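A short worksheet on the structure shown next.
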Amino acid sequence: MKILWFTWKDRKNPHAGGAEIINEEIAKRLVRDGHRVTFIVAGFSGGKPEEEIDGFRIIRVGNRWSVYLKAYQYYIKHLKNYADLIIEEINTIPFMTQWYTEREKRVLFIYQLCREVWFYQLFFPLNLIGYLLEPIYLFLLRKNVVVTESKSTKSDLIKSGFNPKKTYIIPIGVEIRLLKKIQSIEKYPAFTMLSLGTIRAMKRTHHHIEAFEFAKKKIPELELIIAGEADKNYQKKILRMIANNQYNEDIKYLGRVTLKKKIKLLRQSHFITVTSVKEGWGLVVTEAASQGTPAIVYDVDGLRDSVKGGKTGIICRQNTPESLASNIIKLYRNKKLYGILKNNAWHWSKKLNFDKSYQEFKKIIITKYESNGS
């Protein structure tokens, strides 16, 4: 099949996250099975207009905001009626390919719905416009086949009018190699809290710093590591908070890290905290689990899917820094609980890999969609 994949960013984009890892791991496997995959994504500073990676083609047009119009224009000029299948990924804003594609079959790929996120990521009135428009465009798209990664998002989609029989879930995978023996882990000497991932308002990284400060009063040896690509404006807030924190000597801010460094952080930290407003799944939770590191997370969509509360990690009762801190203290004091969560998280991560993700994607969407149509 010739597959045309619309999404606003690729893995080389400075703002790339878990979704882009999943997309390109699936694309690699599609290519290995003989399919042709072409991504249409937004350009970015230093990004090539076009390149081939792992056998699939990436075409970059426009920028974060103009990509939707530019993708349409590029399609009409160069790719009209080229594809057998169109995958339209919706990450806050849809491409609305159903309005201008013709004979191609189409699958929507939606990791999460974003209504709450608009108010964290955009300024007024754009945040309000996005919030009000989302239910409208979802209504217009509701007849499409759609694939997602969690029960939480599937439930959201059904509430928005999507057909449960045409809404599919694929299991998540992790790109980093599973730790072979959990007994071989050497954690940092001090009890270490890890904040890893894109640093932006909807991730609520500032809650990690506040929780750290609360917990530090009860755990003198506690240390905090913050790592990830940062939104510039939000980064300023985080750096100010660190500088003004009474325990700033025990907070390390690393910024963006290499894959090798990321694995080391995941493996040697004692636990990871994730406090997003919403997630499709929470890939970093599963990545941490694969390295023998449990998570403490907020009770929100996606994170309540990637953590089995009390079994593979802890889900906070309230989504507040105080609740997060109390669970950090609980984990520190209860060594037996910590050992159970660490082992269970690691064992569960064994079941989650991209080969399984791809097989489900192919079986549920491509094979089914080839035979049944829209």
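Close Cβ contacts (under 7 Å, 6 or more residues apart or on different chains) running from residues in the stretch 337-356 that are without any contact (Cβ under 8 Å) to a residue 60 or more places away in the chain and farther than 13 Å from S306 by Cα to residues that are exposed (fewer than 14 other Cβ atoms within 10 Å of the Cβ) and among the aliphatic types (A, V, I, L, M) are absent. State whether one or more residues within the stretch 70-78 are small (G, A, S) and touching a Leu at 6+ places or on another chain (Cβ under 9 Å). No: the stretch 70-78 contains no residue that is small (G, A, S) and touching a Leu at 6+ places or on another chain (Cβ under 9 Å). Scanning the stretch 157-185 for residues that are in a helix (DSSP H, G or I), over 21 Å from T97 (Cβ atoms) and not small (G, A, S) yields I158, K159, P164, K165, I182, Q183.
Every residue in the stretch 85-97 that is outside any strand (DSSP E or B) and buried (at least 17 other Cβ atoms within 10 Å of the Cβ), please. Walk me through how you get there before you give the answer.
Narrowing the stretch 85-97 to residues outside any strand (DSSP E or B): 92, 94-97.
Across the stretch 85-97, the qualifying residues are P94, F95, T97.
Scanning the stretch 250-270 for residues that are under 25 Å from Q112 (Cβ atoms), crowded, with 17+ Cβ neighbours inside 10 Å and either of a type in the set (A, V, I, L, M) or touching a helix residue (DSSP H, G or I) at 6+ places or on another chain (Cβ under 6 Å) (or both) returns L265, L266. Being under 20 Å from G18 (Cβ atoms), without any contact (Cβ under 8 Å) to a residue 24 or more places away in the chain, crowded, with 18+ Cβ neighbours inside 10 Å and under 23 Å from the mean Cα position of the chain (by Cα) is a description that applies to I315. Can you find, within the stretch 164-184, the residue that is farthest from E24 (Cα to Cα) among those that are surrounded by 15 or more Cβ atoms within 10 Å (Cβ to Cβ) and among the charged types (D, E, K, R)? Result: K166. The test for being part of a strand (DSSP E or B), in the same structural domain as L126 (by TED's automatic domain parsing) and within 24 Å of I366 (Cβ to Cβ) holds for I58. Looking across the stretch 226-249 at every residue that is among the acidic types (D, E) and surrounded by fewer than 18 Cβ atoms within 10 Å (Cβ to Cβ), the one that is nearest to the chain's Cα centre (by Cα) is identified as E229. The one condition from (1) touching a strand residue (DSSP E or B) at 6+ places or on another chain (Cβ under 6 Å); (2) without any contact (Cβ under 8 Å) to a residue 12 or more places away in the chain; (3) not polar (S, T, N, Q) that A27 does not meet is (2). Residue by residue through the stretch 354-370, note down the ones that are modelled with pLDDT under 75, of a type in the set (K, R) and surrounded by 16 or more Cβ atoms within 10 Å (Cβ to Cβ). Of everything in the stretch 354-370, nothing turns out to be modelled with pLDDT under 75, of a type in the set (K, R) and surrounded by 16 or more Cβ atoms within 10 Å (Cβ to Cβ).
The values are calculated or read from the model by the stated rules, or taken from the named source; none is laboratory data. Given the structure is predicted, the values throughout are model-derived calculations rather than measurements. Don't worry about glycine lacking a Cβ; one is built from the backbone with ideal geometry, like all the others, and counts go over all protein chains shown.
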